[in-house]
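Trainee: First the structure, then my questions, so here it is.
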Amino acid sequence: MNLKEFNFPAHNAVFHISKGLIFNRTIAFRVRALYPDKNDKNVYIQNKERLKKRLFEKIMVMFNNRLRATKVKNPESPHDFTEDYKKRMLISNEKIDIFKLQMFQLSSGMEDEFNVAHIGGDYAIYPLTFVCEKCGDLRTISPKSIDLFDPNSCMSQGCTGRYEQLSLMLFCPICGNVRPLQYYYKGESITLIRRSKDSISTWKVKAKSKGSMDLFRLKCDHKDPFDMGPYKSRTPISKADPCSQKPLTVTEGSIYIPVAQTSIDIPSSPDIDLEELEYILSGISLGKYDFLENLGLSVDISTIQDLYANYNNLTTKKFAIMMDPLLKGKTEKDQEKEWKKKCFIDKIEEVITEIKSVYPEAIIETLREINDYSALIGKLGASSIKSTAYLNFISTLNEPLIKTEKKLEFAEIQRKYHIQDIIHIPRVTLVNSCYGIFNGINKFYDEGFIPHFDPLWVNKTDATKGFYAYCFPYETEGIIVTLNKEKILEWLVNTETIPAKNSTPKEFFNSLEPESNEYAKIEVLLHSFSHLLMRSSSVYTGLDLQSYGENIFPASAAIFLFSTSSINIGGLQFVFEHEISNWFENMLFDVKECTLDPNCIKEKGTCFSCMYIPEFVCCKFNQHLDRDVFLGKTDRNKRGFWW
């Protein structure tokens, strides 16, 4: 195997090779850098500013929550960072100026082109700790010496063994530091004693003049990981007492976990304030701009962008005031008011004010999610996005018997699975983005746990240099499945997640708070449903599980399954047109029973046998899943959504 160069599919690169991630190929490597795109082969992102703002706010919230976690406020996450460290590292709104979006440098298929960069980044062997399989000689090799290191020849005199990479690292749950296993004692050779190779609790280390010691006896004293100076002179970043470190196996996704999301690209809007954009988009999907229709204009973001561009054009404004005798003698304030009326900005602002009263700043992410879903089904007027609802597809069929049969099948699917609609999207631009990394263990299943999230720093030794997100935009097809909101609301009441509600389903879903229990419950329901559909679809689509992606829209009660294959073979369209009924029926096999039941259903209701898919395919890395949301067999769910 050539270890000097590796190729990764672009569509899942954010999950495998973002800066700082580990990947395994015979031995473990870590990505040191990714190069800015000079080949200009990426699909164009229309609305970079919207994507940038959304990702920045996620980074700011997640990282600042980690910094502020204390033993008193967050018993599950007693990080207790020092005030000096928090002050130095805290991300404020102003730091959006040092946050950048970076595209991957694509190179495949361009071997014969001139002036094209063929390398997208660089990596190094990591960790640099090796142990002799025969005598246990433990060596830490410096980065400068690794090219001269011969793993096939033990350095201990008389030993004929060979070295293997020690695939173990230490993680501090308090400060989040991750470090390789490295031991030194007076310059002497260190020996790793492994009585049982598969039982690390039996491992010991010893030096020539020092007896064997517990491998994990050393505690973390929470030194600053950004300080590259001598270890003893580094200042602590946490006020917590030194603590034991947890051993973690060096595999992809076990030590450094990428934090990624898939976003819907929408038309650009350079003349619209980003603070108002989400409210304007919501007004389009809610049908609040009737006055545009009355004027014979299309109701979409492009039209509103044009109105704002005209309003912001100072030359046009000055000329209009000069030519209008009614405006000449008025004050500047009155002129501005009349100019807004002429450009219809006053009517748009009325819509913004109305929607802001429904969506306070606290649930702006819910609004963004609804807007993404609206864009996906074509409600925002993006010309490149066309959608076909299942009943509309049936109406295009010529054969009356087939029409009737498919209508009956769809009605049964709606009744049996509480489905509202199924929609095919033949073409849409999506953007996969990795905007950070979880260090060490992420106990997402523990309420109140705050993981050690780190942004993708430009320079780890100087946080003021900024941070970035890696993005890969691409065009694909997909299928949307929406669930019946009334049935979900009933289920939430039956499971005692919420009290009986007087609000309508529309009011309830529009006011969902992302941090609420009901939002989390709906997310698990939709996410579990998404996995079931993906696992049962390959036989019909011709796509393997690694060629799928998913997006979950709790506030819209919808899931979006899409192809990430570089070649669109139309597999999802085939399912949509010919195999919908079989697709849903086949899904039930994974729901009703698992080969690892009763343990599976009693513990978490999810495992590799019934629900898991490749982690880079899953938008939640196989978290937030539970078969029991459909069955209601355990105390986690007093009532199943389907049974």
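The values are calculated or read from the model by the stated rules, or taken from the named source; none is laboratory data. Nothing here was measured: the structure is a model prediction, and the numbers come from that model. All Cβ positions, glycine included, derive from the backbone under ideal geometry; neighbour counts span all protein chains shown.
Trainee: How many residues are farther than 30 Å from ARG25 by Cα and assigned to a loop (DSSP other than H, G, I, E, B) if we restrict to segment 200-217?
Mentor: Count: 3.
Trainee: Shifting gears a bit: Does segment 327-340 contain any residue that is closer than 20 Å to LYS288 by Cβ and of a type in the set (Lys, Arg)? Please lay out each step first, then the result.
Mentor: The first filter runs over segment 327-340 and keeps only residues closer than 20 Å to LYS288 by Cβ, leaving 340.
The next check asks that each one be of a type in the set (Lys, Arg); those that pass are 340.
Yes, there is a match, as at least one residue in segment 327-340 is closer than 20 Å to LYS288 by Cβ and of a type in the set (Lys, Arg).
Trainee: Condition (residue is of a type in the set (A, V, I, L, M, F, W, C), surrounded by 14 or more Cβ atoms within 10 Å (Cβ to Cβ), in a helix (DSSP H, G or I) and within 38 Å of the chain's Cα centre (by Cα)) applied to segment 335-349: is it met by at least one residue? Write out each step before concluding.
Mentor: To start, the set of residues in segment 335-349 that are of a type in the set (A, V, I, L, M, F, W, C) comprises 339, 343-345, 348.
Now restrict to residues that are surrounded by 14 or more Cβ atoms within 10 Å (Cβ to Cβ): 339, 343-345, 348.
Next cut, in a helix (DSSP H, G or I) only: 339, 345, 348.
Add one more test, that the residue is within 38 Å of the chain's Cα centre (by Cα), and what stays is 345, 348.
Yes, some residue in segment 335-349 is of a type in the set (A, V, I, L, M, F, W, C), surrounded by 14 or more Cβ atoms within 10 Å (Cβ to Cβ), in a helix (DSSP H, G or I) and within 38 Å of the chain's Cα centre (by Cα).
Trainee: Right, here's the next one. Can you pull out the residues in segment 564-582 that are under 16 Å from LEU532 (Cα atoms) and either more than 27 Å from the chain's Cα centre (by Cα) or at pLDDT below 85 (or both)?
Mentor: Passing the criteria: GLU579, ILE580, SER581, ASN582.
Trainee: Could you check segment 293-334 and list, in sequence order, the residues that are surrounded by fewer than 15 Cβ atoms within 10 Å (Cβ to Cβ), under 46 Å from the mean Cα position of the chain (by Cα) and not in a helix (DSSP H, G or I)?
Mentor: LEU295, GLY296, SER298, ASN313
Trainee: Restricting to segment 62-75, name every residue that is touching an Asp or Glu at 6+ places or on another chain (Cβ under 9 Å) and within 19 Å of TYR435 (Cβ to Cβ).
Mentor: Correct list: PHE63, ARG66.
Trainee: Ok, one more. Mind listing whichever residues of segment 266-277 are at pLDDT below 90 and closer than 20 Å to CYS471 by Cβ?
Mentor: Selection gives ILE266, PRO267, SER268, SER269, PRO270, LEU274.
Trainee: Picking from ASN398, ASN392, which residue would you name as being more than 30 Å from LYS58 (Cβ to Cβ), modelled with pLDDT of 90 or more and either assigned to a helix (DSSP H, G or I) or among the hydrophobic types (A, V, I, L, M, F, W, C) (or both)? Talk me through it step by step, then tell me what you get.
Mentor: Values: ASN398 fails: either assigned to a helix (DSSP H, G or I) or among the hydrophobic types (A, V, I, L, M, F, W, C) (or both).
Exactly one of ASN398, ASN392 is more than 30 Å from LYS58 (Cβ to Cβ), modelled with pLDDT of 90 or more and either assigned to a helix (DSSP H, G or I) or among the hydrophobic types (A, V, I, L, M, F, W, C) (or both), namely ASN392.
Condition check ((1) surrounded by 15 or more Cβ atoms within 10 Å (Cβ to Cβ); (2) of a type in the set (A, V, I, L, M, F, W, C); (3) under 26 Å from the mean Cα position of the chain (by Cα)) across all residues:
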{"residue": "ILE394", "(1), (2), (3)": "yes, yes, no"}
{"residue": "THR404", "(1), (2), (3)": "no, no, no"}
{"residue": "GLU409", "(1), (2), (3)": "yes, no, no"}
{"residue": "ARG415", "(1), (2), (3)": "no, no, no"}
{"residue": "ASN432", "(1), (2), (3)": "yes, no, yes"}
{"residue": "ASN442", "(1), (2), (3)": "yes, no, yes"}
{"residue": "ILE450", "(1), (2), (3)": "yes, yes, yes"}
{"residue": "PRO455", "(1), (2), (3)": "yes, no, yes"}
{"residue": "THR464", "(1), (2), (3)": "no, no, yes"}
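Trainee: Now, a different point. Going residue by residue through segment 40-51, is there one that turns out to be in contact with a strand residue (DSSP E or B) (Cβ under 6 Å, 6 or more places away or on another chain), part of a loop (DSSP other than H, G, I, E, B), at pLDDT below 90 and not charged (D, E, K, R)?
Mentor: The answer is yes, given that some residue of segment 40-51 is in contact with a strand residue (DSSP E or B) (Cβ under 6 Å, 6 or more places away or on another chain), part of a loop (DSSP other than H, G, I, E, B), at pLDDT below 90 and not charged (D, E, K, R).
Trainee: Moving on to the next point. Being acidic (Asp, Glu) and not in a loop (DSSP other than H, G, I, E, B) is the filter; apply it to segment 133-154 and report the residue that is modelled with the highest pLDDT.
Mentor: Step one: list which residues in segment 133-154 are acidic (Asp, Glu), which gives 133, 137, 147, 150.
Still in the list and also not in a loop (DSSP other than H, G, I, E, B): 137, 147.
Working: ASP137: 94, ASP147: 89.
Restricting to residues being acidic (Asp, Glu) and not in a loop (DSSP other than H, G, I, E, B), the top hit is ASP137.
Trainee: Here's a check for you: in segment 582-609, which residue that is assigned to a helix (DSSP H, G or I) and touching a residue at least 40 places away in the same chain (Cβ under 8 Å) is farthest from GLU412 (Cα to Cα)?
Mentor: Looking at the filtered set, the residue picked out is ASP590.
Trainee: Let me ask another. From the list VAL458, VAL524, VAL481, pick out the single residue that is among the β-branched types (Val, Ile, Thr) and in contact with a Gly (Cβ under 7 Å, 6 or more places away or on another chain). Reasoning before the result, please.
Mentor: On the way: VAL524 fails: in contact with a Gly (Cβ under 7 Å, 6 or more places away or on another chain); VAL481 fails: in contact with a Gly (Cβ under 7 Å, 6 or more places away or on another chain).
So the residue among VAL458, VAL524, VAL481 that is among the β-branched types (Val, Ile, Thr) and in contact with a Gly (Cβ under 7 Å, 6 or more places away or on another chain) is VAL458.
Trainee: Then there's this: What number of residues within segment 444-474 are of a type outside the set (A, V, I, L, M, F, W, C), part of a loop (DSSP other than H, G, I, E, B) and either modelled with pLDDT of 95 or more or touching a helix residue (DSSP H, G or I) at 6+ places or on another chain (Cβ under 9 Å) (or both)? Talk me through it step by step, then tell me what you get.
Mentor: Step one: filter segment 444-474 for residues of a type outside the set (A, V, I, L, M, F, W, C), giving 445-448, 451-452, 454-455, 459-462, 464-466, 468, 470, 473-474.
Okay, now just the ones that are also part of a loop (DSSP other than H, G, I, E, B), so 445-448, 451, 455, 459-462, 466.
Now narrow it down to the ones that are either modelled with pLDDT of 95 or more or touching a helix residue (DSSP H, G or I) at 6+ places or on another chain (Cβ under 9 Å) (or both): 451, 455, 459, 466.
Residues in segment 444-474 being of a type outside the set (A, V, I, L, M, F, W, C), part of a loop (DSSP other than H, G, I, E, B) and either modelled with pLDDT of 95 or more or touching a helix residue (DSSP H, G or I) at 6+ places or on another chain (Cβ under 9 Å) (or both): 4 in total.
Trainee: Right, another one. Restricting to segment 221-264, give me the number of residues that are in a strand (DSSP E or B) and farther than 17 Å from PHE171 by Cα.
Mentor: Residues of segment 221-264 that are in a strand (DSSP E or B), as a first pass: 223, 236, 238, 243-244, 246-249, 256-264.
If we keep only those that are farther than 17 Å from PHE171 by Cα as well, we get 259-264.
Residues that pass the stated criteria total 6.
Trainee: OK, next. Could you count how many residues in segment 266-287 are out of contact with any Asp or Glu (no Cβ under 9 Å at 6 or more places or on another chain), in a loop (DSSP other than H, G, I, E, B) and either crowded, with 16+ Cβ neighbours inside 10 Å or hydrophobic (A, V, I, L, M, F, W, C) (or both)?
Mentor: 2
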